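Here's the structure, in structure tokens; my notes come after.
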Amino acid sequence: LAIFRSLRYNECFHTISFANISLQALYSVVDNWGTDHIATTDRTRVPIQEFFGGLNPVGKSLLYQEVQALALKTLQTRKLDFSNTLPQRRVKDTWEEDVISRDPGCEIAAAFMPIRRAGLTQIDWIVLNGIELGETDMEDIAPALHERQSNFRAVEVAKCALNDRLLGLFLKKLERQNSTLQCINIADNPG
């Protein structure tokens, strides 16, 4: 948590990698003891709520808040690597007596993709290798890939357990990034 917060305003790094570091302790953990650490604007003081129609990071998990803050506040970073950071996560949508319990997603995609889609971050290379992604995650990833102005240089989703449908949706939306895309990694997915 301290590393995430110290990197928000650090302009020395063009790439930040959390690869193989478990972020499980921040996943689904909500801090109810204040909102002073939550980033609600980018570095130029543009409120993110203007872009997301009232989306409020208050009440979201620490992982969500810190990934979003890092994406909003850093100006020099171009690449974030989250490979194998949620090793114990298992994607599950459960159906019990007409009640759908949706998988909360990996929280990284939900925090980062809308920020990139709105053009509020300079980070254009995202690595999610080894994190199991499901329907909830793809609901955040697909719209960001579909927007031509997202200008992704690379999206890496190797070993993310993407089935045929999710991988097809991912690739279909990815074609809109053809003018800027330099790297794609979809290796070792069952689809």
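The values are calculated or read from the model by the stated rules, or taken from the named source; none is laboratory data. None of these values were measured; they are calculated from a predicted model. Here Cβ is always computed from backbone atoms with ideal geometry, including for glycine, and neighbour counts include all displayed protein chains. These accessible areas exclude ligands, DNA and RNA; they are computed on the full protein's heavy atoms, side chains included. Shrake-Rupley method; radii C 1.70, N 1.55, O 1.52, S 1.80 Å.
Test Arg102 against the stated conditions and say whether it is open to solvent by 70 Å² or more (accessible area, probe 1.4 Å), modelled with pLDDT of 90 or more and either under 18 Å from Gln149 (Cβ atoms) or not polar (S, T, N, Q) (or both). No.
Within region 139-179, track down each residue that is crowded, with 16+ Cβ neighbours inside 10 Å, of a type in the set (Asp, Glu) and farther than 15 Å from Met113 by Cβ. Answer for region 139-179, where residues must be crowded, with 16+ Cβ neighbours inside 10 Å, of a type in the set (Asp, Glu) and farther than 15 Å from Met113 by Cβ: there is none.
Take the conditions (1) modelled with pLDDT of 70 or more; (2) touching a Lys or Arg at 6+ places or on another chain (Cβ under 8 Å); (3) more than 18 Å from Asp103 (Cα to Cα); Arg43 misses just one of them, which is (1).
Listed by first and then second residue, the pairs with beta-carbon distance under 8 Å, at least 6 apart or on different chains, first residue in region 143-161 and within 14 Å of Glu132 (Cβ to Cβ), second open to solvent by 40 Å² or more (accessible area, probe 1.4 Å) and among the charged types (D, E, K, R), are Ala158/Asp188; Lys159/Asp188; Cys160/Glu132; Ala161/Glu132.
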